[in-house]
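This report concerns only the one structure given below.
The values are calculated or read from the model by the stated rules, or taken from the named source; none is laboratory data. Keep in mind the model is a prediction, meaning the values are calculated, not measured. Glycine gets a Cβ as well: all are built from the backbone with ideal geometry, and neighbour counts include every protein chain shown. Quick note on the areas: whole protein, heavy atoms, side chains included, nothing else; ligands and nucleic acids left out. Shrake-Rupley method; radii C 1.70, N 1.55, O 1.52, S 1.80 Å.
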Amino acid sequence: MTAATPTADVSRTAPVLLAVAALVALAGCGGVLPGGDATPSRDADLEPAESPYDTPLEDSDLLADHEAALRDAETVTVVRNTTITGTGPGAGFESLATARVSLADGRVYLVERPAPVTQTYRYANDTVFSRSAGGTSYSRAENDTAGRTAVEWTRAPLERLLPLASFTHRGVTERDGERVHVYRATDPAAVNTSTVTPGDLTGVELTDVNVTLRVRESGAVGRLRFAYTVEEGDQRREVATSVTFSDLGETDASPPAWVADLRDRFADDE
């Protein structure tokens, strides 16, 4: 058994994801179904309501309210899921990261898939234990090489994604007995292209775009999802990226048995 650098955050080490995520903001939505009927509205189930936040959302109180709601809950499960199918560069990519976060004591239990599955358990003092097909390891995090802290898991996904476009409030709906405000960005004119456009996009066409943000009455974000199709020449890629915040106050972030075993072995090094 040897100490090893913990697995890095996929969102920071996969450039293709950054480029693909940036593309989403360049397209609009809408279309015509076979027979000439208009595409059903994605907002058909929403009721009119006043937006609780001014736009742009990244300059509003949304992020602060989201963090406050999660702090009050003390625990949360954050799931980051990305799939790219079709043909061309990046196609066939899949990434699923599930972080059980305890804001009460700064612990994070992260599981990354697909195989080889990697598990990382991080304490508030930056002690990190990792487990994968290659074995187990222990280290102390330096320069954030062990991935996000508990606080960063609550805010980093929104800090990265909210500035991509100017979201429009579309109304409210109900999810699990709670009112949820729905924001969307589908108009190319609402996109900050200087921020989200990576390089030359000549010949690239985006279709079937759906960018949706769901916010609870408490201010806690429930889900942020990007789904779209990229067409370039004879290549076509379907991309779906989402971040969800769930099980507020009900997440179990306690360490698994293998972490306790490792901690006993390296107790003198902590």
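Per-structure values
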{"quantity": "Length released on extending from Ala227 to Glu159, taking residue separation times 0.36 nm less the Cα-Cα span", "calculated": "22.6 nm"}
{"quantity": "Ranked packing of 162-172, 233-243, most packed first, by mean Cβ within 10 Å", "calculated": "162-172, 233-243"}
{"quantity": "Sequence-distant residues sharing a close amide H with Ala104 (under 5 Å, placed H)", "calculated": "none"}
{"quantity": "Point-to-point label distance, Arg179-Arg42, nm (Cα→Cβ direction, 7 Å offset)", "calculated": "2.3 nm"}
{"quantity": "Computed lengthening from Ala115 to Glu94, 0.36 nm per intervening residue step minus Cα-Cα distance", "calculated": "6.5 nm"}
{"quantity": "FRET efficiency estimate (nearest 0.05) - Cβ-Cβ, Thr207 to Asp61, R0 30 angstrom", "calculated": "0.30"}
{"quantity": "Heavy atoms of Tyr228 accessible to a 1.4 Å probe, total area in Å² rounded to 10", "calculated": "10 Å²"}
